[in-house]
Amino acid sequence: MIPSERLKGIEAFVSAADAGSFTAAGGRLNLTNSAVSKSIARLEARLGSRLFDRTTRRLALTDAGAAFYETCVRVLGELAEAEAVLAAQRSEIVGRLKIDVPVAFGRMQVMPALLAFAERHRGVRPVVTFTDRVVDIVEESIDVAIRIGASTAWADNLGHRYLGHERIIFCAAPSYLARRESPASAEALADLDRILYGRADGSTIAWRFTDAAGAIEQRKMDGRIVLGSAEAQVGAVKAGFGIAQLATWLIKDELARGELIEILPELATVGLPLHLVWPRSRQLSPKVDALIEALTTGLAIA
């Protein structure tokens, strides 16, 4: 490690050599003529060599001064270049980004936006985990996570951004509706085969209905099939095994192709909220900030 004493006087020395006088060097450095002269004198004393030949009319480098000048210019240039590199690293979108996403939403919605982000920023190295459990993003060193249905009571050490709410609809395959009479009311849903989403603890996700006052009411239902995967639910509904209540982001392609049909559209409800979440300690990182902006604009919730 270079002692700080070795750097003292170098800037004044180089400026004086470039400017040709102590007075001009002082003007460049916002120092007095005397301050520049004393700084260079201390440098010469420390080095044990005279760096300038001084006369009343001119200031010229000695042979030793000329050699020392070349070295100082090179060192100062390298320092300036190193500072520029560090400044670029602080502002460029580079480095590892660890992202945690729900399984189905992550694959279908997040990945296209994330791949577009990675294409724009080739220096980024995304590391993506897919899980439907709620992870401790600080403990597991997650940079950005997506939460579906997360609590609005966020911890103080977490930043968050609201992305919107899911839209939830009832749907079935044309082949199923051809065999069974299409329901005309919410009560008629009880007569149809229901395909439910099941959790690992054996519970199932309740269906959501809007009551007369406009509030969301959740009703537990019995199911013909209970599946622990939203994508598996879509496959079972497409195969004609029954009806399901699903988020439109999950089945937008199937609806567009006519492989699934919305039933009782008046029963469509607002689903769970979606948020981006990140540790506040990472918020000032350019790569994290850029990813948050990219996912905010790139995710299609509907």
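What do you reckon, is Leu255 within 20 Å of Gly223 (Cβ to Cβ) and among the aliphatic types (A, V, I, L, M)? For Leu255, the condition - within 20 Å of Gly223 (Cβ to Cβ) and among the aliphatic types (A, V, I, L, M) - is not met. Only one of the listed residues (Asp18, Asp63) is closer than 16 Å to Leu76 by Cβ and loosely packed, with under 14 Cβ neighbours inside 10 Å. That residue is Asp18.
Taking (1) under 19 Å from the mean Cα position of the chain (by Cα); (2) open to solvent by 20 Å² or more (accessible area, probe 1.4 Å); (3) at pLDDT 85 or above in turn, Trp154 satisfies each apart from (3).
Consider the stretch 97-144. How many of its residues are in a loop (DSSP other than H, G, I, E, B) and either touching a Gly at 6+ places or on another chain (Cβ under 6 Å) or surrounded by 12 or more Cβ atoms within 10 Å (Cβ to Cβ) (or both)?
From the stretch 97-144, those in a loop (DSSP other than H, G, I, E, B) are 102, 121-123, 131-143; that's our starting set.
If we keep only those that are either touching a Gly at 6+ places or on another chain (Cβ under 6 Å) or surrounded by 12 or more Cβ atoms within 10 Å (Cβ to Cβ) (or both) too, we end up with 102, 121, 131-132, 134-135, 137-138, 141-143.
Of the residues in that region, 11 qualify.
Can you find a residue in the stretch 205-228 that is under 33 Å from the mean Cα position of the chain (by Cα), farther than 19 Å from Ala268 by Cα, at pLDDT below 95 and of a type in the set (Asp, Glu)? Scanning the stretch 205-228, I find no residue that is under 33 Å from the mean Cα position of the chain (by Cα), farther than 19 Å from Ala268 by Cα, at pLDDT below 95 and of a type in the set (Asp, Glu), so the answer is no.
Taking the stretch 196-216 as the range and being open to solvent by 60 Å² or more (accessible area, probe 1.4 Å) and part of a strand (DSSP E or B) as the test, the residues that pass are Thr210, Ile216. Please work out if Gly159 is free of Cβ contacts under 8 Å to residues at least 40 places away in the same chain and either in a helix (DSSP H, G or I) or open to solvent by less than 50 Å² (accessible area, probe 1.4 Å) (or both). Here the answer is no, as Gly159 does not meet what is asked.
To keep it simple, each residue is scored yes or no on (1) surrounded by 19 or more Cβ atoms within 10 Å (Cβ to Cβ); (2) part of a helix (DSSP H, G or I); (3) at pLDDT below 85.
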site	(1), (2), (3)
Arg28	no, yes, no
Leu31	no, no, no
Ile40	yes, yes, no
Ala80	no, yes, yes
Gln89	no, yes, yes
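Enumerate the pairs (first residue in the stretch 1-19 and under 15 Å from Arg46 (Cα atoms); second residue anywhere and assigned to a loop (DSSP other than H, G, I, E, B) and modelled with pLDDT of 85 or more) with beta-carbon separation below 9 Å, excluding pairs fewer than 6 apart on the same chain, so at least 6 apart or on different chains. Correct list of pairs: Ala12/Leu31; Phe13/Leu51. So is Leu250 within 38 Å of the chain's Cα centre (by Cα) and in a strand (DSSP E or B) or not? For Leu250, the condition - within 38 Å of the chain's Cα centre (by Cα) and in a strand (DSSP E or B) - is not met. For the stretch 167-179, check the following and say yes or no: at least one residue is surrounded by 15 or more Cβ atoms within 10 Å (Cβ to Cβ) and over 30 Å from Thr210 (Cα atoms). The answer is no, given that none of the residues of the stretch 167-179 is surrounded by 15 or more Cβ atoms within 10 Å (Cβ to Cβ) and over 30 Å from Thr210 (Cα atoms). For the stretch 228-273, the candidate set comprises residues that are touching a His at 6+ places or on another chain (Cβ under 8 Å) and not β-branched (Val, Ile, Thr); within that set, the residue that is least open to solvent (accessible area, probe 1.4 Å) is Gly271. Within the stretch 118-128, the presence of at least one residue that is without any contact (Cβ under 8 Å) to a residue 24 or more places away in the chain and more than 30 Å from Leu250 (Cβ to Cβ) is confirmed. Among the residues of the stretch 181-195, is there at least one that is buried (at least 16 other Cβ atoms within 10 Å of the Cβ), assigned to a strand (DSSP E or B) and not charged (D, E, K, R)? There is at least one residue in the stretch 181-195 that is buried (at least 16 other Cβ atoms within 10 Å of the Cβ), assigned to a strand (DSSP E or B) and not charged (D, E, K, R). Residues in the stretch 65-75 that are in contact with a helix residue (DSSP H, G or I) (Cβ under 8 Å, 6 or more places away or on another chain) and without any contact (Cβ under 8 Å) to a residue 60 or more places away in the chain: Gly65, Phe68, Tyr69, Val73.
The values are calculated or read from the model by the stated rules, or taken from the named source; none is laboratory data. Only a predicted model underlies this, so the values are computations on that prediction, with no experimental measurement involved. A quick note on method: Cβ atoms are made from the backbone with ideal geometry, for glycine too, and the neighbour counts reach across all protein chains shown. We work out accessible area using only protein heavy atoms, side chains counted, and drop any ligands, DNA or RNA first. Shrake-Rupley method; radii C 1.70, N 1.55, O 1.52, S 1.80 Å.
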